[in-house]
Amino acid sequence: MIDAKAQVLALREQLERYNEQYYVADAPTVPDAEYDRVMRELIALEQAHPELLDASSPSQKVGGAPVSAFPEVRHALPMLSLDNVFSDQELAAFEKRLMSRLDSTTEVTFCCEPKLDGLAVSLLYEQGQLVQAATRGDGTTGEGILENVRTIKAIPLKLKGHDWPARLEVRGEVFMPSAGFAAMNAKALTKGDKVFANPRNAAAGSLRQLDSRITAKRPLSFYSYGVGLVEGEPLADSHFATLQRLKDWGMPISPEVKRMPGRAGCEQYYADILSRRDQLPYEIDGVVYKVDDLALQAELGFVARAPRWATAHKFPAQEELTKLLNVEFQV
Ligand code: NAD
């Protein structure tokens, strides 16, 4: 018991250090696969010793604290993380949990999406105009980054059409396409500058610049994958149809988003995307399955840091620790 407690405390401390490096400094020192391994070790220990559970454990929290150099933005609805599965067995367990919570034997339809490796942003449109943009931060409070977001060409400053709600919060991922990332690092190398660790850190470092002229020079792009606050009626009764409405208003939606039936459909989607992973023009670290029916989503609800109605199916790790430790990086 004493050993378990000491181990849990050590793992929490280790993860907090990684979180600070990753979310606040945009400069990770270990690859994601190593972070995920330590997190799973912590979760397994906390489950085996429920008396050690603590709401402030990294296993219960989202992201990192917002940096004070940016104005604080409080999210109208929390911006959560995603639970994840790493195998077909874990996916089967996810589906089983859903079915038993819904007390249903009817197959669930999932909206399947690429898991873009960038950073989550919230975009607030009032009367169709972009008026606020924020990072996820700790899920409750993010960093106000409107000026930087305004430099990203894929993000409309004004929505098309007229039938949008008076206030609409669009959520999605800012990312750096692979070609832009490679060109930027190649240029940095010829100039003897430091290079970025990976497109995710390049995107995060570029977006969280204090000078938006620097952000403007960075090859950033954006796909939307959902909504937060929507004033008035919901946009649709399914997640997929919600994304189609956003698309009609000019929001970029990944062409890879597909509705698939049950776990078998998810596995098929995963295999297809994994086989094409290297040909995609951006990096992804897995795929995301979301229960498509919004009424079922509402029934399933949330746990502390993630919705119960979605999970990320992570791809096998590509990075190696040595690769990360041998190169010097910049934010
Ligand atoms: P996550 O990245 O596993 O999943 C949640 C995020 O996925 C969302 O916030 C969103 O930004 C993103 N996302 C991409 N496509 C999406 C889609 N289609 N729909 C919904 N969301 C989508 O969770 P997290 O809390 O952001 O970060 C945890 C992960 O970050 C870890 O599993 C690890 O891989 C990495 N991490 C690494 C280190 C490190 O030191 N290397 C430190 C902290 C976190």
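The values are calculated or read from the model by the stated rules, or taken from the named source; none is laboratory data. This is a predicted model, so every value here is computed, not measured. Ideal geometry is used to build each Cβ from the backbone, glycine not excepted, and the neighbour counts take in all protein chains shown.
Annotations for the structure displayed:
- Top-ranked residue in the range 237-254 [being small (Gly, Ala, Ser) and over 18 Å from the mean Cα position of the chain (by Cα); ranked as surrounded by the most Cβ atoms within 10 Å (Cβ to Cβ)]: Ser238
- Of the residues making up the range 237-250, those that are outside any loop (DSSP other than H, G, I, E, B), of a type outside the set (Lys, Arg) and closer than 11 Å to Gly161 by Cα are Leu246, Asp248.
- For the range 18-71, taking the residues that are under 16 Å from Leu207 (Cα atoms) and over 20 Å from the mean Cα position of the chain (by Cα), the one that is modelled with the lowest pLDDT is identified as Ser68.
- Within the range 213-236, the set of residues being outside any strand (DSSP E or B) and within 16 Å of the ligand (Cβ to nearest atom) comprises Leu220 only.
- Pick from the range 174-197, criterion surrounded by fewer than 22 Cβ atoms within 10 Å (Cβ to Cβ) and in a loop (DSSP other than H, G, I, E, B), ranking: modelled with the lowest pLDDT: Lys194
- Arg200 passes every criterion in (1) under 16 Å from the mean Cα position of the chain (by Cα); (2) surrounded by fewer than 21 Cβ atoms within 10 Å (Cβ to Cβ); (3) charged (D, E, K, R) apart from (2).
- Selected residue [of a type outside the set (A, V, I, L, M), closer than 25 Å to Tyr225 by Cβ and surrounded by fewer than 14 Cβ atoms within 10 Å (Cβ to Cβ)] from Arg17, Arg74: Arg74
- With respect to the stated conditions, Arg171 is surrounded by fewer than 23 Cβ atoms within 10 Å (Cβ to Cβ), at pLDDT 95 or above, within 28 Å of Pro71 (Cα to Cα) and not small (Gly, Ala, Ser).
- Restricting attention to the range 1-57, the residues that are within 16 Å of the ligand (Cβ to nearest atom), touching a helix residue (DSSP H, G or I) at 6+ places or on another chain (Cβ under 7 Å) and not in a helix (DSSP H, G or I) total 7.
- Residue list for the range 134-148, restricted to those being free of Cβ contacts under 8 Å to residues at least 60 places away in the same chain and surrounded by 24 or more Cβ atoms within 10 Å (Cβ to Cβ): none
- Residue in the range 208-217 that is of a type in the set (Gly, Ala, Ser) and modelled with pLDDT under 95 present: no
- Verdict on Leu210 being within 20 Å of the chain's Cα centre (by Cα) and away from the ligand (no atom under 16 Å from the Cβ): no
- Number of the exception - Gly161 against (1) on the phi < 0 side of the Ramachandran plot; (2) away from the ligand (no atom under 16 Å from the Cβ): (1)
- Residue match in the range 155-165 (condition: under 21 Å from the mean Cα position of the chain (by Cα) and either buried (at least 18 other Cβ atoms within 10 Å of the Cβ) or assigned by TED's automatic domain parsing to the domain that holds Ala298 (or both)): yes
- Beta carbons closer than 6 Å, at least 6 apart along the sequence or on distinct chains, never pair a first residue in the range 255-267 that is not assigned by TED's automatic domain parsing to the domain that holds Phe240 and away from the ligand (no atom under 14 Å from the Cβ) with a second that is at pLDDT 95 or above and in a helix (DSSP H, G or I).
- Count of the range 81-108 residues which are closer than 13 Å to Ala312 by Cα, assigned to a helix (DSSP H, G or I) and touching a strand residue (DSSP E or B) at 6+ places or on another chain (Cβ under 8 Å): 2
- Pairs where the first residue, in the range 68-82, is on the phi < 0 side of the Ramachandran plot and of a type outside the set (Ser, Thr, Tyr) and the second is more than 16 Å from the ligand (Cβ to nearest atom) and in a loop (DSSP other than H, G, I, E, B), C-beta under 9 Å, 6+ apart: Ala69/Leu210; Phe70/Leu210
- Test: residue in the range 124-135 that is touching a Leu at 6+ places or on another chain (Cβ under 7 Å), in a loop (DSSP other than H, G, I, E, B) and over 17 Å from Tyr225 (Cα atoms): yes
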